[in-house]
Amino acid sequence: MRAVVVRTVLAVLLGAVMGALGTATHRTVWHELPLGVVVALALTASTAVLCRAWSGYGTLLAAGVGWVAAVQVLALPGRGGDVLVPDPAAGLPFGWAGLLWSYGGVLLFAVAAFLPRRWFAEAVPEAD
C-alpha cells in the first residue's frame with residue numbers, strides 16, 4: 001500500500017514538473033521552427049508512457065492531474081499581466097502553440113491510456 005502511495009505522489013510531481021517545464025518552453029523558436037512545442041509535447045508523451053508502464057492507470061492519472069494543474073496555473077495572467085500561454089488572437093508568431101500545448105498534452109495522456117496493454121506487460125521467459 002505504501003509503495004502505491006509513493007508512486008502516485010511521485011507521478012503527480014513528475015506530471016507537474018513536466019507541465020511547468022513545457023509551459024515555460026513551448027514558445028521556443030529555433031530557425032523559424034516551433035521547436036519548443038515539439039519538444040514539450042514529446043516530453044509529455046514520454047511522461048505519460050513512463051507512468052503507464054511504471055504502475056498502470058493510477059500513476060498515469062496522477063501524472064495527468066499534476067500536468068493539468070501545472071499548465072492551468074501557469075496559463076493564468078501574472079501580477080503584471082504577463083502570460084506564458086498567450087491568446088492565439090494576440091498576433092504573436094506561433095500563437096497557436098499555446099492551444100496545441102494545452103490541448104495536445106491532454107490528448108497525449110489519453111492516447112497513452114488507450115495503448116495496448118501488451119506493450120506494457122513484462123515478458124516472461126518460456127521454460128525449456
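Here the range 2-120 is treated with +1 on each Lys and Arg Cβ and -1 on each Asp and Glu Cβ, and its dipole about the Cα centre works out to around 580 debye.
Give me the percent of Cα-Cα pairs in the range 2-120 that sit more than 23 Å apart, rounded to a whole number.
Values: 2216 of 7021 pairs.
Looking at the range 2-120, the distances longer than 23 Å represent 32 percent of pairs.
As a calculated quantity, the FRET efficiency between E126 and A53 at R0 = 22 Å, using C-beta atoms, amounts to about 0.50. Applying 0.36 nm per residue to the separation of L33 and F114 and subtracting their alpha-carbon distance, the gain on full extension is 26.1 nm.
In deg cm²/dmol, rounded to 500, what helix-only [θ] at 222 nm does the chain give when every DSSP H run of at least 4 residues adds -39500 (n - 2.57) and the total is split over its residues?
Details: 4 runs with 81 residues, N = 128.
The helix-only estimate for the chain comes to -22000 deg cm²/dmol at 222 nm.
Helices assigned as whole DSSP H runs in the chain whose Cα atoms extend at least 27 Å along their own long axis and whose mean Kyte-Doolittle hydropathy is 0.5 or higher are found at 2-25, 35-55.
Read-outs throughout are calculated quantities, based only on the coordinates presented, and are distinct from any laboratory measurement. No experiment lies behind these values; they were computed from the predicted model shown. Positions of Cβ are backbone-derived with ideal geometry, glycine not excepted, and every protein chain shown enters the neighbour counts.
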